[in-house]
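Everything on this sheet refers to the single structure shown next.
The values are calculated or read from the model by the stated rules, or taken from the named source; none is laboratory data. Small disclaimer: the values here were computed from a predicted structure and weren't measured. Positions of Cβ are generated from backbone atoms using ideal geometry, with glycine treated the same way; all protein chains shown enter the neighbour counts. SASA here: full protein model, heavy atoms, side chains in, ligands and nucleic acids out. Shrake-Rupley method; radii C 1.70, N 1.55, O 1.52, S 1.80 Å.
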Amino acid sequence: MEDFRWMYLQLCKEGSVEPQESVVALLQESRAVHSSRLDLSGHSLSTDTCTILARSFQKDAVFTEVSLSDCMLTEEGIKVLLAGLFHNTSVKCLDLKGNNLRSTGAEVLGKLLGCNKTLLRLVLEWNALGVWEESFSLFCDGLASNNTLTHLDLRNNQINHQGASELALALRHNSTLEELDLRWNNIGMLGGRSLLEALQKNKSIVQLEMAGNNIPCDLLKALEHTTGHNAEREFTLRESHNKTYVLSREIQTLKEEKGRQFLGLMETIDRQKEEMGRSSRSTSVQIAQLQEALNERKSAINSLAAKLQMTEAALALSEQKTQSTGELLSRMEAEREEQKEQQSRLRKKQEEEKSLREGKLHREIQNLMENSGQLRNKVEELECRCKSQQQKIFELKQEHTNSTAELKMRLTKAEDRLESEKQRSKRALEDMEGLRHKEVEHISQHLEETEKALQERIFKLEAQRIHLEEELSRTKAASVTGWAQAEEELGKVRAQMRLKEQERVSSLEEKLCSLRSSMQAMQLHCSQQKQAISELQAKNSHQSIEMDGLRRWIEELQQDLSGKDQEKVAEVSRVRVELQGYIGQLEAERTAQEGLKAKISALEREMKVLTNNHREVLLDKESERSSMLEKLRLKEVEIMRMKEDEAQRASYLQSAILTYVQGSPLEQYSGRKK
């Protein structure tokens, strides 16, 4: 299959012809199915495609059945295609239904039947071959010279009585055609008689279809009778051939069996003769050997008698040895019993020691269980301490945040006051403002430094906490593994765990002490800062009398600012919530869009597949529609022809009735009266 496809493409390339896609697709399908049938029905084939296919058929040995029905082949195309099948040795069935073959096609078909020696079935339905009388006579000549075709389908070919007479002449010379289909033609009574005469001489046709040919019933029955007679004759001939074949095979097998039996008898006789000669020789040799064996046995008997005497003496010695061995055995049994008693005693002692060891082991295991419980309690205590330390660290963080917030608030208030004093006092308070600015900067720098130090200490404390947590997890893992290995090295583990716990507790206590000292230092620093701030407040109290109005105005402004800050915080939180909701909606929409994109891509792929399938179906439907339109046109032509024939027959009947009436005695009698 693949060779034929490759050959088709190679020939297209050599002839600079573009390969037809429908033919390549059908070859691919037949290759996938591994079929020996080439079905090109319903596909319009160009002349170039027909020439390439003809060249391929000349070298093809794969396809046994070729279907070219409803292919709308041109005269040149059918001529080239059938010429390629002249010397083909593989195609046994050829279907050319509905191709509207003309005179050239009929002539080439006649040549094909004359040259081809392998074609068994030929379908030529719906081709109007009977219209071209000379070409149809050449087709019949080729059929007469053919010796392989067994089935011929000539339905709806407009064969008249002349074509039927030509076909009858061909059937007289043909001796291989068995089935002939001539339904729905225009053979008539004359053609039927010529076919009946031909069938009386032709003995090979066993099935003849003649419906729709305007043939009288008696002729049809006669044709059926002759074909039935031929069928019976063919059946009897086949049976006789089969029987003769079977009998000849049986006779041949009997002859072969008799020959084999005769040869087997001759071989057995020769073997028996050879065996007799061998047996006589072997008996003489055996007699001589027996004589020698008798002499040897005599000498052996004499040697055995001497050996008997020696064995009797040896037996006496062996009896003495057995007696001594019996005594030794009795001694060994006594010793064995003593050893058994000793071993039983040792076993009892070992069992008692074993029970004592088991008790000790059980006690040790209980002790280990208690120790593990204590270790677990210690681990829980360490976890509680870590949690308390975490809480303390959290409280320190909160205090730090609160203190920083208070300091920032105070700084903001002091800055606002200083700004108001600058605006009102102008020149008189420039020195004071410079001093205040410097103090504020110094305080802010000091606060920033303290904040950085506190943050660094907090980071260190967090790192220490993480380290402690890691150590705790490690201790947990070590305790779990130590529980698995407690039966072997419990003493060592106890000492190591105690030392490690003491070291860790001491290190934790030292760290807590350092943290407390650092906290105290921070508190002292904060108190110092508070004292500095109180001093500044005392300095500013002297100017409070002058700045009462300014303070009230500042308080009002602070209230407005706090309200605005609260509104700003609320607005920011609201916007933040809205943005989060909007982001969630956008993410949901993005996921939905991704799902929709995936669905759209899948639907596009399905649409592409459906459009391709729909396009193929439309092409198939269009080809079917064109073939059906062609068939309808042929049917209309045939119906018109049949109407014309009916009208012609009616006119013939009318004229025959008129002539009959004119020639009847009533007409003569009426003429005499006149």
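Just checking, does the range 211-222 include any residue being in a loop (DSSP other than H, G, I, E, B) and exposed (fewer than 15 other Cβ atoms within 10 Å of the Cβ)? Before you say what the answer is, go through the steps one by one.
Keep residues of the range 211-222 that are in a loop (DSSP other than H, G, I, E, B), which gives 211-216.
Then keep just the ones that are exposed (fewer than 15 other Cβ atoms within 10 Å of the Cβ); that gives 211, 216.
Taking every residue of the range 211-222 in turn, at least one turns out to be in a loop (DSSP other than H, G, I, E, B) and exposed (fewer than 15 other Cβ atoms within 10 Å of the Cβ).
Starting from residues that are among the charged types (D, E, K, R) and touching a strand residue (DSSP E or B) at 6+ places or on another chain (Cβ under 9 Å), keep the ones in the range 173-196 and report whichever is least open to solvent (accessible area, probe 1.4 Å).
In the first step, residues of the range 173-196 are kept if they are among the charged types (D, E, K, R); the result is 178-179, 181, 183, 193.
Applying the additional criterion that residues be touching a strand residue (DSSP E or B) at 6+ places or on another chain (Cβ under 9 Å) yields 178-179, 181, 183.
Numbers: GLU178: 49, GLU179: 64, ASP181: 15, ARG183: 68 Å².
This residue is ASP181.
If a residue has to be closer than 27 Å to ARG633 by Cβ and open to solvent by 50 Å² or more (accessible area, probe 1.4 Å) to count, how many in the range 159-172 make the cut?
Step one: of the range 159-172, the residues closer than 27 Å to ARG633 by Cβ are 159-164, 166-167.
Remaining after also requiring open to solvent by 50 Å² or more (accessible area, probe 1.4 Å): 161-162, 166.
Summing the residues that are closer than 27 Å to ARG633 by Cβ and open to solvent by 50 Å² or more (accessible area, probe 1.4 Å) in the range 159-172 gives 3.
Of the conditions (1) open to solvent by 90 Å² or more (accessible area, probe 1.4 Å); (2) modelled with pLDDT under 75; (3) of a type in the set (Ser, Thr, Tyr), TYR652 satisfies every one except a single condition; which number is it?
Of everything listed in (1) open to solvent by 90 Å² or more (accessible area, probe 1.4 Å); (2) modelled with pLDDT under 75; (3) of a type in the set (Ser, Thr, Tyr), TYR652 misses just condition (2).
Looking only at the range 125-149, count every residue that is open to solvent by less than 70 Å² (accessible area, probe 1.4 Å) and part of a loop (DSSP other than H, G, I, E, B) and tell me the total.
Number of matching residues: 7.
I need the full set of residues from the range 150-191 which are touching a Ser or Thr at 6+ places or on another chain (Cβ under 7 Å) and under 20 Å from LEU101 (Cα atoms), in order please.
ALA164, GLU166
Find all pairs meeting these conditions: Cβ atoms under 6 angstrom apart; at least six residues apart or on different chains; first residue within the range 16-27 and in a loop (DSSP other than H, G, I, E, B); second residue among the acidic types (Asp, Glu) and open to solvent by 50 Å² or more (accessible area, probe 1.4 Å).
VAL17/ASP48
Where the second residue is aromatic (Phe, Trp, Tyr) and buried (at least 21 other Cβ atoms within 10 Å of the Cβ) and the first is modelled with pLDDT of 85 or more and lies in the range 56-69, which pairs have Cβ atoms under 6 Å and are six or more apart or on separate chains?
SER56/TYR8
Does LEU122 satisfy the condition of being assigned to a helix (DSSP H, G or I) and at pLDDT 90 or above?
Criteria not met by LEU122.
If I ask for residues that are modelled with pLDDT under 70, under 19 Å from GLN398 (Cβ atoms) and among the hydrophobic types (A, V, I, L, M, F, W, C), which ones from the range 516-535 would you list?
Scanning the range 516-535 gives MET519, MET522, CYS526.
Which of the residues belonging to the range 601-631 are over 25 Å from GLN158 (Cβ atoms) and of a type in the set (Lys, Arg)?
Scanning the range 601-631 gives ARG605, LYS608, ARG615, LYS621.
If the Cβ limit is 9 Å and pairs must be 6+ apart or interchain, which residue in the range 618-643 that is farther than 17 Å from LYS97 by Cβ pairs with which residue that is polar (S, T, N, Q)?
From the range 618-643, the pairs are LEU619/SER22; ARG641/GLN158; ARG641/ASN186; MET642/ASN186.
To keep it simple, each residue is scored yes or no on (1) more than 28 Å from MET628 (Cα to Cα); (2) surrounded by 21 or more Cβ atoms within 10 Å (Cβ to Cβ); (3) of a type in the set (A, V, I, L, M); (4) touching a residue at least 40 places away in the same chain (Cβ under 8 Å).
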site: ARG5; (1), (2), (3), (4): yes, no, no, no
site: LEU9; (1), (2), (3), (4): yes, no, yes, no
site: THR74; (1), (2), (3), (4): no, no, no, no
site: SER103; (1), (2), (3), (4): no, no, no, no
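Suppose the filter is part of a helix (DSSP H, G or I) and surrounded by 10 or more Cβ atoms within 10 Å (Cβ to Cβ); does GLY228 pass it? Walk me through how you get there before you give the answer.
Values: part of a helix (DSSP H, G or I): yes; surrounded by 10 or more Cβ atoms within 10 Å (Cβ to Cβ): yes.
So GLY228 passes the test.
Can you tell me which residue within the range 165-207, out of those that are within 60 Å of the chain's Cα centre (by Cα) and in a helix (DSSP H, G or I), is farthest from LEU138 (Cα to Cα)?
LEU171
One residue is enough: does the range 332-341 have a residue meeting the conditions surrounded by 12 or more Cβ atoms within 10 Å (Cβ to Cβ), in a helix (DSSP H, G or I) and more than 60 Å from the chain's Cα centre (by Cα)?
Applying the first criterion (surrounded by 12 or more Cβ atoms within 10 Å (Cβ to Cβ)) to the range 332-341 yields none.
No - not one qualifying residue is present in the range 332-341.
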